1. Quick check, is residue 448 closer than 20 Å to residue 492 by Cα and in a helix (DSSP H, G or I)?
2. Say whether the condition of being within 30 Å of residue 557 (Cβ to Cβ) and touching a residue at least 12 places away in the same chain (Cβ under 8 Å) is met by at least one residue in region 447-463.
3. When you scan region 511-525, do you find a residue that is under 13 Å from residue 372 (Cβ atoms), crowded, with 20+ Cβ neighbours inside 10 Å, of a type in the set (Ser, Thr, Tyr) and in the same structural domain as residue 411 (by TED's automatic domain parsing), even just one?
4. When you scan region 405-445, how many residues do you find that are assigned to a loop (DSSP other than H, G, I, E, B) and over 20 Å from residue 493 (Cβ atoms)?
5. Being exposed (fewer than 14 other Cβ atoms within 10 Å of the Cβ), at pLDDT 90 or above and over 32 Å from the mean Cα position of the chain (by Cα), is that true of even one residue in region 243-256?
6. Residue by residue through region 287-303, note down the ones that are over 11 Å from residue 172 (Cα atoms) and within 42 Å of the chain's Cα centre (by Cα).
7. Return the total of residues in region 128-179 being touching a residue at least 60 places away in the same chain (Cβ under 8 Å) and not in a helix (DSSP H, G or I).
Amino acid sequence: MTSTFSALYPVLRLFLAARGRALLLGALLSALTVFAGIALLGLSGWFITAASLAGLTATAITFDVFAPSAGIRLLAILRTAARYGERLTTHDATLGVLAALRENLFRGWAEPNAATMLMRRPAKLLFRLTADIDALDSLYLRVLVPAAVAIVSGLAVSIALMLLSVPFGLLAGLWLLAAGLCIPIIAGRLALKPARRRAHAIEALRSRAVDLVAGQTELVMAGRLQAQCSAIAAADRRLREADDRLNRIESGVTVGFGLASAALLSGSLLIVASLAERGIIGAPVAALGLLIALATLEPFAALRRGALELGRTVLAARRLSPRLVQTAHPLAHLMPPEGLAVRVSGVSARYDGAAMASLEDITLSLALGEHLAVIGPSGAGKSTLFAILAGELGTERGTVETVTAAMLTQRTELFQDSLRDNLRLAAPDANDEMLYTALADAGLLEDALALRKGIDTRLGEGGLGLSGGQSRRLALARLFLRGAKLWLLDEPTEGLDRETGRDVMRRLAGHGCGRSLVIATHIRREAEIADRIVVLDNGRIVATARRGEPKFDAALARLRQD
């Protein structure tokens, strides 16, 4: 119970901070709807019984039918209006809260190392940002509001029945709270495991189905197509078993509430009959008390859906809460002293779970307009250094100071959208002239204009429709649009043919004049534009050489040719 509350607490705090007043108003309207419904049923029973008895006696002439009928109309209108307002308010508030939750989570994923984690587990983390957030709407709509309304209505009805008979009110209230709350609580505990299993099964089914569709060629070549289909069938079987278990629990809850309602109705009937026989209450009041007791279990029955979804809701909260509690986001890099683009002082860093540090006691500076090549064997720490400079990885110790930076990675991320919108990711306010200029500078303008709709041509998934070289030039055009003072180039021509690679480097060198460049590379053509070379090995700087020094030419000679 403590762990459940600790998982739900950050979510509840966000709910209250985002739309607290609207959520409270929705709960009050929901309570008003229930009270109006109970009062309407009780008053209607009293009026029908009283009118029937008055018709059998001489009091029919003096019986006031106008006040009760007006009250019935008022309660009916109030119930309808409250129900409409409750649905409008609660759903609007819930959607607003979920929007705030998504924004909070996206901000949380903008911190260091987030992109790396997203790349490692894209399917699972996408599920967190979609299905898990949607699961949290049950917390307010189907758990908190129904529970609060049920408890308050049970207490209110108990007090109302105590006006007829104190023992009757106490017994009815105790039964309502015992049966009305125990049944959903037991159902919720029974549904925790199958609800979690259902969520995991859906996640596995989606992930495996996507892998089957996206990787058919690789699966066929590896002879794993049938195994992947079997894995999908296994996930579907687990999903079916979880659904079957939840359906049985729901049927049990329905039977339980039916028995509880029958017991409450039978007991109420015996008590009001006894009170009427002793002359304590009349028949109309007896009908009122009986119908009020009958209607009181309705708000408790509304907890059935929330109890069945509680496991999924708690699982979603446990997954998302760690990101929600990180309200203090890491500070942006400090600005270096005037004349410098980068200053790294005594920095050490390691990835989560790593036994050894990836970088150890790195001290480095880069002047504005200077070009620096970082070389070294695979695993030396080049990518870690870039991740730190780009703000994607935090440091264990030391300080990092950089000017505004833009990064060009080995992998070009393109989206299933128009070429124009893929470009405008780098500069949302860019006009057509700026886009065409960037494409021309990257050597892609002629190819872009040759497309069927020019830059409005829609690309396929992952940039389908462009060659590898064209995709890299599109990434280059994005870099030119950014206008950052510092460019971080992670093997910018890896995988390109000699001619394309040399052309890309020529354009980078030309537009890099006046800007600072840091290039991680294994290729000689990429390091040739550098003013200085730094050699990394085992996470440490082992050598530094400036252009014109023998060590500079020796370092270039060790790099791979085009």
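The values are calculated or read from the model by the stated rules, or taken from the named source; none is laboratory data. In this text the structure is predicted, and so the values were computed from the model without any measurement. Neighbour counts run over all protein chains shown; Cβ positions are idealised from the backbone, glycine included.
1. Values: closer than 20 Å to residue 492 by Cα: no; in a helix (DSSP H, G or I): yes.
So residue 448 does not fit the description; no.
2. Step one: of region 447-463, the residues within 30 Å of residue 557 (Cβ to Cβ) are none.
Looking through region 447-463, none of the residues is within 30 Å of residue 557 (Cβ to Cβ) and touching a residue at least 12 places away in the same chain (Cβ under 8 Å).
3. Let us first name the residues in region 511-525 that are under 13 Å from residue 372 (Cβ atoms), namely 512, 515-521.
After this cut, where a residue has to be crowded, with 20+ Cβ neighbours inside 10 Å as well, the list is 516-521.
Within this subset, residues satisfying the condition of being of a type in the set (Ser, Thr, Tyr) are 516, 521.
With in the same structural domain as residue 411 (by TED's automatic domain parsing) added as a condition, the list becomes 516, 521.
Within region 511-525 (the criterion being under 13 Å from residue 372 (Cβ atoms), crowded, with 20+ Cβ neighbours inside 10 Å, of a type in the set (Ser, Thr, Tyr) and in the same structural domain as residue 411 (by TED's automatic domain parsing)), the answer is yes, since at least one residue qualifies.
4. Quick first cut of region 405-445, residues assigned to a loop (DSSP other than H, G, I, E, B) only: 409-417, 424-431, 443-444.
Then keep just the ones that are over 20 Å from residue 493 (Cβ atoms); that gives 415-417, 424-425, 427-431.
Final tally of qualifying residues: 10.
5. yes
6. 295, 298, 299, 300, 301, 302, 303
7. The number of residues fulfilling the criteria is 3.
The rows are residues; the columns are (1) of a type outside the set (Asp, Glu); (2) under 31 Å from the mean Cα position of the chain (by Cα); (3) outside the structural domain of residue 346 (by TED's automatic domain parsing).
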position	(1), (2), (3)
401	no, no, no
421	no, yes, no
428	yes, yes, no
437	yes, no, no
